[in-house]
Amino acid sequence: MRAARAARSLSVATLAWLGVESTLGLAAGFSSHSLALIGWGLSAFVEAAASLIVVWRFTGARTLSPSAESTARRAVAVSFWLLAPYLVLHVAYDLDAGQRAAPSALGIVVTAFSLVSMPVLGLAKRRLGARLASGATSGEGTQNLICAAMAAGVLVSLRLNTLGWWWVDPVVAVVLAGVAVREGARAWRGHACCH
């Protein structure tokens, strides 16, 4: 099935980029103490899990299996939920410790690239998900779109940090945690392809 091969190929390509994105995002986040950058870098691992799930879903006999789709869709939902607790705990820790984010040129470059590239991947996967009736594929596409939105939020946060608005960084991280919880619930119920 051509659409299934396309979904698998897009997921493999996404995995390659996410390896670069997460490494650079985390390096920039830890060096600048940016919670938003760290959260964004970690979210790449969550997206990678969703990509692996879609690769699994469209390999071999599972390609035509309704039960494999149900399992994959729920696994994608769980992958959304993995990010939220870390972000909230990290915000609490850094606020308690008085950590403040510093500007990060690397963070700006890598998030800007994702802001441009992730919507292209996300929209393609959502179209394929609709064609395949695959909530897992659509959910992975939604994660790519969320990645682009998170990149935009992180870019704004990094810019506002340079103006002394340090509190924007933890606020963006908490908002991202809320988005992850909401999207996980939508994917679990099978609504990932409908928004």
Of the peptides 174-181, 122-129, 63-70, how do they stack up when ordered by the mean number of other Cβ atoms within 10 Å, highest first?
122-129, 174-181, 63-70
Where Lys and Arg each count +1 and Asp and Glu each count -1, what net charge lies around residue 52 among other residues with Cβ under 12 Å from its Cβ?
0
HN-Hα couplings for the stretch 18-27 via Karplus (6.51, -1.76, 1.60; θ = phi - 60°), in whole Hz with x for Gly/Pro, come out as 5, x, 5, 4, 5, 4, 5, x, 5, 4
The percentage of the accessible area of the chain (probe 1.4 Å, all protein chains present) made up of carbon and sulfur atoms, to the nearest whole number, is 71
Quick check: the distance between the Cα centres of the stretch 38-74 and the stretch 119-195, to the nearest angstrom?
16
Taking a probe of 1.4 Å, how large is the accessible area per residue of the chain, in Å²?
44
Which value, in Å² rounded to 10, gives the accessible area of residue 71 with a 1.4 Å probe and all protein chains present?
80
Express in nm, to one decimal, how much length is gained between residue 113 and residue 23 on full extension, taking 0.36 nm for each residue of separation and deducting their alpha carbon distance.
31.0 nm
Given +1 on the Cβ of Lys and Arg, -1 on the Cβ of Asp and Glu, and no further charges, what dipole in debye does the stretch 1-140 carry about its Cα centre, rounded to the nearest 20?
800
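From the Cα gyration tensor of the stretch 6-66, with a ≥ b ≥ c the square roots of its eigenvalues, which class applies: rounded if a/c is under 1.5, or else prolate if a/b is larger than b/c, or else oblate? All intermediate terms of the calculation are to be shown ahead of the outcome.
Working: a/c = 5.25, a/b = 3.01, b/c = 1.74.
Taking the square roots of the gyration eigenvalues as a ≥ b ≥ c, the stretch 6-66 is prolate.
The values are calculated or read from the model by the stated rules, or taken from the named source; none is laboratory data. What you are looking at is a predicted structure, and each value in this text was computed from that prediction instead of being measured. Cβ sites come from the backbone with ideal geometry, for glycine too, and all protein chains shown count toward neighbours. Keep in mind that these areas ignore ligands, DNA and RNA; they rest on the heavy atoms of the full protein, side chains included. Shrake-Rupley method; radii C 1.70, N 1.55, O 1.52, S 1.80 Å.
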